[in-house]
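The values are calculated or read from the model by the stated rules, or taken from the named source; none is laboratory data. What you see is a predicted model, and the numbers here were worked out from it, not measured in a lab. All Cβ positions, glycine included, derive from the backbone under ideal geometry; neighbour counts span all protein chains shown. Each accessible area value is taken on the protein alone, full model and side chains, heavy atoms only, with ligands, DNA and RNA left out. Shrake-Rupley method; radii C 1.70, N 1.55, O 1.52, S 1.80 Å.
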Amino acid sequence: AQSVTQPDIHITVSEGASLELRCNYSYGATPYLFWYVQSPGQGLQLLLKYFSGDTLVQGIKGFEAEFKRSQSSFNLRKPSVHWSDAAEYFCAVGVIAGYKLIFGSGTRLLVRP
Amino acid sequence: DAGVTQSPTHLIKTRGQQVTLRCSPKSGHDTVSWYQQALGQGPQFIFQYYEEEERQRGNFPDRFSGHQYPNYSSELNVNALLLGDSALYLCASSFSGTSGGASTDTQYFGPGTRLTVL
């Protein structure tokens, strides 16, 4: 069965520090992978997506993610975190592009001033 | 260009009642998916509508039903509400096209409807 694991429930980083959020997926075929961000009480905003091609994908707000097939991972990174990045981050796998998304349980990012 | 819109923003119901949530997709999109997000959890897929038909369904009981209109807008109906139905209900839209195949586009989410069942 398809699944997504985000092992870190909470992560706290200092403003200006680098960030890496982990995501591991379980899926038999080539996955369609996404990272979304959710501010409190809000909907989900797409940060970036991987469908095929270059395994390092760039997104909005300075985020990037790297697809590693051998590790079944799609970790999200940012070189320098801003206070406004504090939010909940969700990794998701698309069973077929445009069909249902399976989400991880999320990682809440706290940013220390 | 308007994004995905949902109404109402908040809703309070009592157990046993019925509720209807509404969603208008992003301009140019023809496919609508619904998700339920319980507090502290990731969204869970309820179902997807394309060409006014349910194309795919998640592991939700028949109390959850939907509809899609010719203008691509959609409704989510929940009957016989339970306390456990309290959640944020998210609508997402995407583009499938006339081929009817899987969309190659991305799902864009609305702000959600917060449903509280007392």
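What the table shows:
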{"item": "Accessible surface buried once B binds A (1.4 Å probe; total of both sides; Å²)", "result": "1700 Å²"}
{"item": "Chain B: most fluctuating residue of B:40, B:28, B:84 per GNM, C-alpha cutoff 10 Å", "result": "B:40"}
{"item": "Accessible area (Å², per residue) of the range B:26-98, counting only protein heavy atoms and a probe of 1.4 Å", "result": "43 Å²"}
{"item": "Calculated log₁₀ intensity ratio I(q)/I(0) where the Debye formula runs over C-alpha points of the protein assembly as shown, q = 0.15 Å⁻¹", "result": "-1.01"}
{"item": "Share of Cα-Cα pairs in the range B:26-98 lying beyond 21 Å, as whole percent", "result": "25 percent"}
{"item": "Solvent exposure ordering (accessible area, 1.4 Å, most first) of A:100, A:49, A:78", "result": "A:49, A:100, A:78"}
{"item": "Dipole of chain B, positive end: most advanced residue of B:17, B:4, B:37 [Cβ charges, Cα centre]", "result": "B:17"}
{"item": "Max mean-square fluctuation residue, GNM over chain A, Cα-Cα springs under 10 Å, options A:17, A:92, A:65", "result": "A:17"}
{"item": "Ranking by accessible area, most exposed first, for A:60, B:12 with a 1.4 Å probe", "result": "B:12, A:60"}
{"item": "Max mean-square fluctuation residue, GNM over chain A, Cα-Cα springs under 10 Å, options A:70, A:26, A:18", "result": "A:70"}
{"item": "The range A:61-104: equivalent-ellipsoid semi-axes (sqrt of 5 x gyration tensor eigenvalues, Cα, Å)", "result": "23, 15, 8"}
{"item": "Surface share of carbon and sulfur [accessible, 1.4 angstrom probe, percent] for chain A", "result": "49 percent"}
{"item": "Qualifying lysines (Cα of each under 28 Å from Cα of residue A:78; at least 8 residues distant if same chain)", "result": "A:49, A:61, A:68, A:100"}
{"item": "Cα centroid of the range A:43-75 to Cα centroid of the range B:1-66, whole Å", "result": "26 Å"}
{"item": "Only Lys, Arg (+1) and Asp, Glu (-1) charged, at Cβ; the range B:26-98 dipole about Cα centre in debye", "result": "220 debye"}
{"item": "Residue order for B:55, A:22, A:69, B:15 - accessible surface, 1.4 angstrom probe, largest first", "result": "B:15, A:69, A:22, B:55"}
{"item": "Quarter of Cα convex hull surface for chain A, i.e. mean projection, nm²", "result": "6.8 nm²"}
{"item": "Computed magnitude of the charge dipole of the range A:3-112 (debye, nearest 20; Cβ of K, R +1, Cβ of D, E -1)", "result": "160 debye"}
{"item": "Cross-link partners of residue B:13 among aspartates and glutamates (Cα-Cα below 16 Å; sequence separation of 8 or more within a chain)", "result": "B:85"}
{"item": "Solvent accessible area, Å² - residue A:54, 1.4 Å probe, full protein context", "result": "110 Å²"}
{"item": "Per residue value of the accessible surface for chain A (all protein chains in place, 1.4 Å probe), Å²", "result": "46 Å²"}
